[in-house]
Amino acid sequence: MIYCVEDDKDIRELVMYALETNGFETKGFSDSELFWKEINNEKPQLIILDVMLPGENGIEILKKLRAQKATQDIPVMLATAKGTEYDKVVGLDSGADMYLVKPFGMLELISNVKALLRRTVKDIKPEKLKVGKLEMNIPEHTVTSDGNKIELTFKEYEVLKFFMENLGKTYSREQLIERLWKIDFMGESRTVDVHIGTLRTKLGECGKYIHTVRGVGYKMEEYI
């Protein structure tokens, strides 16, 4: 969802049309009052914000967005006829992610929207991971195997989480040490085998999801 805050109806409708024909959902607002009411109901992926608005102007809106935890990370593109270097500096210093000067073409707009989304929208990671009868609840930091809660050490949990997030991929012992123990670990690769062994034991039947790849390392797959 992309919000367009623009008091000029013709420009607002043209921007929304261009976005929608390129696969984006949009909502348009002619002033800050309507915008603030809606943003409390649904957070957009990106906001296209005019600077010269009736009442509360775009810079004031931008500063409020950046001051609130719930909205501070939403990408904002300022779209305005105020194109001097000073205006751009004020906009960017106030927290804008991009500054687009009017008049602009619709192809230019779409290109910049896509670029900004690629730069700023983060991958949303799942709160729960599931492989067969094995489940991990990340916010609660819990693991269940065939419905039974399993107690794991911190490192066992990290190893299991890594495999569940990278299902089907094979990793050598050296790669696992590098990614999970990082530079603090100065031991030998045997520690990987020890952790895999204890994990398999604790997970019971689900432990068989962790497969040994002879001569290479380990991987997790949803079969026994």
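Has segment 159-166 got any residue that is modelled with pLDDT of 90 or more, loosely packed, with under 13 Cβ neighbours inside 10 Å and in a loop (DSSP other than H, G, I, E, B)? Working first, answer last.
Residues of segment 159-166 that are modelled with pLDDT of 90 or more, as a first pass: 159-166.
Still in the list and also loosely packed, with under 13 Cβ neighbours inside 10 Å: none.
Scanning segment 159-166, I find no residue that is modelled with pLDDT of 90 or more, loosely packed, with under 13 Cβ neighbours inside 10 Å and in a loop (DSSP other than H, G, I, E, B), so the answer is no.
Only residues that are under 15 Å from Glu6 (Cβ atoms) and surrounded by 15 or more Cβ atoms within 10 Å (Cβ to Cβ): list them for segment 76-90, please.
Residues of segment 76-90 that are under 15 Å from Glu6 (Cβ atoms), as a first pass: 76-82.
Answer for segment 76-90, where residues must be under 15 Å from Glu6 (Cβ atoms) and surrounded by 15 or more Cβ atoms within 10 Å (Cβ to Cβ): Val76, Met77, Leu78, Ala79, Thr80, Lys82.
Name every residue in segment 135-150 that is touching a residue at least 40 places away in the same chain (Cβ under 8 Å) and touching a Ser or Thr at 6+ places or on another chain (Cβ under 7 Å), in order of residue number.
Within segment 135-150, Ile150 is the sole residue that qualifies.
For segment 167-186, give me each residue that is modelled with pLDDT under 85 and open to solvent by 50 Å² or more (accessible area, probe 1.4 Å).
Within segment 167-186, Glu178, Arg179, Lys182, Ile183, Asp184, Phe185, Met186 qualify.
Out of (1) under 20 Å from Gly197 (Cβ atoms); (2) surrounded by 13 or more Cβ atoms within 10 Å (Cβ to Cβ); (3) among the acidic types (Asp, Glu), what's the single condition that is false for Glu135?
(1) is the only condition that Glu135 fails.
Any idea how many residues of segment 129-149 are over 26 Å from the mean Cα position of the chain (by Cα), farther than 14 Å from Phe163 by Cβ and not in a loop (DSSP other than H, G, I, E, B)?
3
Does Thr201 count as assigned to a strand (DSSP E or B) and modelled with pLDDT of 95 or more?
Numbers: assigned to a strand (DSSP E or B): no; modelled with pLDDT of 95 or more: yes.
For Thr201, the condition - assigned to a strand (DSSP E or B) and modelled with pLDDT of 95 or more - is not met.
Please go through segment 91-107 and pick out each residue that is assigned to a helix (DSSP H, G or I) and within 16 Å of Ile2 (Cα to Cα).
Going through segment 91-107, the residues assigned to a helix (DSSP H, G or I) turn out to be 91-93, 106-107.
Within segment 91-107, Met106 is the sole residue that qualifies.
Just one of Phe154, Phe163 is among the aromatic types (Phe, Trp, Tyr) and in contact (Cβ under 8 Å) with a residue 12 or more places away in the chain; which is it?
Values: Phe154 fails: in contact (Cβ under 8 Å) with a residue 12 or more places away in the chain.
From the options Phe154, Phe163, the qualifying one is Phe163.
The values are calculated or read from the model by the stated rules, or taken from the named source; none is laboratory data. Computed from a predicted model, the values in this text were never measured in an experiment. Every residue, glycine as well, gets a Cβ built from its backbone with ideal geometry; the counts of neighbours run over all protein chains shown. Accessible surface is based on the protein model in full, side chains and every heavy atom, while ligands, DNA and RNA are left aside. Shrake-Rupley method; radii C 1.70, N 1.55, O 1.52, S 1.80 Å.
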